[in-house]
Amino acid sequence: SLGQLVYPHDFRLTEKEKTSICYLSFPDSYSGGLGDTQFSFRLRQSGGPRTSPFQDDGRYNREAPLTLQREAAHYFGYVYFRQVKDSSMRRGYFQKSLVLVSRLPYVNLFQSLLQLIAPEYFDKLEPCLEAVCNEIDQWPPPVPGQTLNLPVMGVVIQVRIPSRVDKPGSSPVKQFNQENLLPAPLVLPSVHELDLFRCFQPVLIHIQMLWELMLLGEPMVVMAPSPTVSSEMVLALTSVLAPLRYCCDFRPYFTIHDSEFKEYTTRTQAPPNIVVGVTNPFFIKTLQHWPHILRVGELRMSGDLPKQVKVKKLAKLKTLDTKPGIYTSYKTFLHKDKSLIKRLLKGIQRKRPSEVQSALLRRHLLELTQSFIIPLEHYIASLMPLQRAITPWKNPPQIRPFCQEDFMKTLEHAGPQLTCVLKGDWLGLYRRFFKSPNFDGWFRQRHREMTHKLEALHLEAICEADIVAWMKDKSEVEIVDLVLKLREKLVRARCQHLPVKEETLQRVGLYIDTIIGSLPEDLQAVLHH
């Protein structure tokens, strides 16, 4: 039955959200499998903005990696689903789901939590949830860079929240049980990272192509036999660009009941920039006009390289019995990296654990993304005005505009070939990237950071200035104007949390008081108000 229980009781969901969550919490095509499965989904928030119960003035999002930010307009759902034989039920089995809804993409943490809670909950129902919620209420907030100990049901989960200042690709600091917690804590190696090697098993030889498709924000359908495979594959795909943020929409698991179903299946306009994971065979028909369709079977970890899917023409997509494959006419810009496959194969022969293979894969993807992004970072940094052009009594100079052709000219001497052995049409890849939401997201983020940096440098220049000398030949109007401008700057610096030292802000505050003190009393009274 739909949403029998919402905990905590005061958590407000609209009816539309409740209905969507209910449909997304159950497999939408009959799976013969009995037992327990876990999967995740992501859902567009409906009905106006809501205040989050966690007030942190945006500090979390400023300090967390861009890929782990708290979502503003979407919820993640983490599902633990159970299907058991039950002759008293009309269908012959009973189905139940426990769903955890959050704005944080902490798939490992929340799925591990559900593994502890769900079996108890199915057994003891409401009292169990009440007890668990009381414990979770006491948890500290997630502070980037900190290791948290999270007690629940007699276990302590220990996990580190990544921070934006972590070096990309550095393995998480191994946390030892310093506090001698008893019983020993359940240590999670990562709050969010999936076992990439396992997720990408059937497509390892196409990892380059998938990376390009994700970089360009291409519309893609993942057709899988179960919500578990579908959601893991979609989450794995959206993580391949890290530390670059994947800025398009994605739905790890999507059903025909979804309110966006019409929007995605319409043929009157091009498919949206989204990766969508589905299990219902009905989608093969309704989404066959999409440009890239990845069909995968059940994931099985075997001793050797799992059967790799082939790239096939879209016309080969059979509506009834679609064989696994990547159905696309996409031609990659870069050549395949054969050395990666060789290293992974060697790992399989040597029976290396999956996490070692995953680390290899993740490092490869990181190096690829960095080779692509570093030239862009160099170029955008060159658009910053020179520090000596920032003077205290003039508005700071503008950041120069981003010119694609100028950027392309820099590639000859400082392109990806400096850090990456891959040959291919890098220029073509950049040109396509400029049209993607991922470029737009990256550029806005960088531009915002640079603007903040300029504001901060300007405040520092004001601090260094000799204000009394400046005031000598100025009229009252000019002085009052300066006071108002400085005040506005201070307010903005605090609201936007500019990268300025606290002492700088205090000095600007003192300056304002000094200036006001030099004015006639009637003006002082007005300005103090």
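The values are calculated or read from the model by the stated rules, or taken from the named source; none is laboratory data. On a predicted model such as this, the values are computed, not experimentally measured, just so you know. Don't worry about glycine lacking a Cβ; one is built from the backbone with ideal geometry, like all the others, and counts go over all protein chains shown. These accessible areas exclude ligands, DNA and RNA; they are computed on the full protein's heavy atoms, side chains included. Shrake-Rupley method; radii C 1.70, N 1.55, O 1.52, S 1.80 Å.
Please find the FRET efficiency linking L484 to T268, where r is the Cβ-Cβ separation and R0 is fixed at 56 Å, and quote it to the nearest 0.05.
0.60
Calculate, axis by axis, the spread of Cα positions in region 68-112 along the three principal axes, and write the results as whole Å, longest axis first.
45, 22, 8
If I take R0 = 56 Å and measure r between the Cβ atoms of L186 and R400 in this structure, what FRET efficiency does the formula 1/(1 + (r/R0)^6) give, to the nearest 0.05?
The computed FRET efficiency comes out at 0.65.
Could you tell me the ratio Rg/Rh of region 247-374? Both radii from Cα atoms, Rh via Kirkwood.
1.00
Give me a comma-separated list of calculated 3J(HN,Hα) values for region 83-100, in order, Karplus coefficients 6.51, -1.76, 1.60 applied at θ = phi - 60°, integers in Hz, x for any Gly or Pro.
Taking θ as phi minus 60°, the curve returns 10, 10, 4, 7, 5, 6, 8, 4, 7, x, 8, 10, 10, 9, 9, 10, 10, 9 Hz for region 83-100.
Rg and Dmax of region 466-528, Cα atoms, in Å?
Cα radius of gyration and Dmax of region 466-528 are 12.3, 36 Å respectively.
Compute the angle between helix 437-464 and the longest alpha-carbon principal axis of the chain, please, reported from 0 to 90 degrees and rounded to the nearest 10.
Its long axis makes an angle of about 30 degrees.
Can you pull the semi-axes for region 306-375, root of five times each eigenvalue of the Cα gyration tensor, sorted largest first, whole Å?
Details: eigenvalues 151, 81, 20 Å².
Three semi-axes, in Å: 27, 20, 10.
Points 7 angstrom from Cα along the Cβ direction at R103 and D337: gap in nanometres?
3.5 nm
With the cut-off at 27 Å, tell me which of the pairs K96/K312; K262/K316; K312/K342; K18/K323 have Cα atoms farther apart than that.
Details: K96/K312 38 Å; K262/K316 25 Å; K312/K342 23 Å; K18/K323 35 Å.
Check vs 27 Å cut-off fails for K96/K312; K18/K323.
With unit charges on the beta carbon (Lys/Arg positive, Asp/Glu negative), name the residue among L510, P520, V480 whose Cα is farthest towards the positive pole of the charge dipole of region 466-528.
L510
With the calculation restricted to Cα positions, what are the radius of gyration and Dmax of the chain in angstrom?
27.2, 94
State, as an integer percentage, the relative contact order of the chain based on alpha-carbon contacts under 8 Å between residues 6 or more apart. Kindly include the intermediate steps, with their values, before the conclusion.
Numbers: 722 pairs, mean separation 61.7, N = 529.
Averaging sequence separation for qualifying contacts and normalising by length gives 12 percent for the chain.
Taking amide H positions as placed 1.01 Å from N in the peptide plane, with prolines and chain starts having none, which residues 5 or more places from Q496, or on another chain, fall under 5 Å of its amide H?
none
Give the angle, between 0 and 90 degrees and rounded to the nearest 10, that separates the Cα long axis of helix 107-124 from the longest principal axis of the Cα atoms of the chain.
Between the helix axis and the principal axis of the chain, the angle is about 50 degrees.
If the viscosity is 1.306 mPa s and the temperature 10 °C, what Stokes-Einstein diffusion coefficient in µm²/s follows for region 418-493 when Rh is the Kirkwood radius over Cα pairs?
Values: Rh = 16.7 Å.
Taking Rh from Cα pairs, D becomes 95 µm²/s.
Per-residue HN-Hα couplings for region 400-413, Karplus 6.51 cos²θ - 1.76 cosθ + 1.60 at θ = phi - 60°, whole Hz, x for Gly and Pro?
5, x, 7, 10, 4, 5, 4, 4, 4, 5, 6, 5, 4, 9
Using the heavy atoms of the protein chains alone and a 1.4 angstrom probe, what is the accessible area of the chain per residue in square angstrom?
53 Å²
How big is the antiparallel share of DSSP beta bridges in the chain, given as a percent to the nearest 5?
Values: 31 of 46 bridges.
Antiparallel: roughly 65 percent of the beta bridges in the chain.
Angle, helix 126-137 long axis vs. longest principal axis of the chain, Cα atoms, 0 to 90°, nearest 10?
The angle comes out at about 30 degrees.
Using only the C-alpha atoms of region 373-529, find the volume of their convex hull and express it per residue in Å³. Show your work: numbers first, answer last.
On the way: hull volume 22.9 nm³, N = 157.
So the per-residue hull volume is 146 Å³.
Mean 1/r over all different Cα pairs, inverted: what Kirkwood radius does region 86-236 give, in Å?
Details: mean 1/r = 0.0542 Å⁻¹.
Kirkwood hydrodynamic radius for region 86-236: 18.5 Å.
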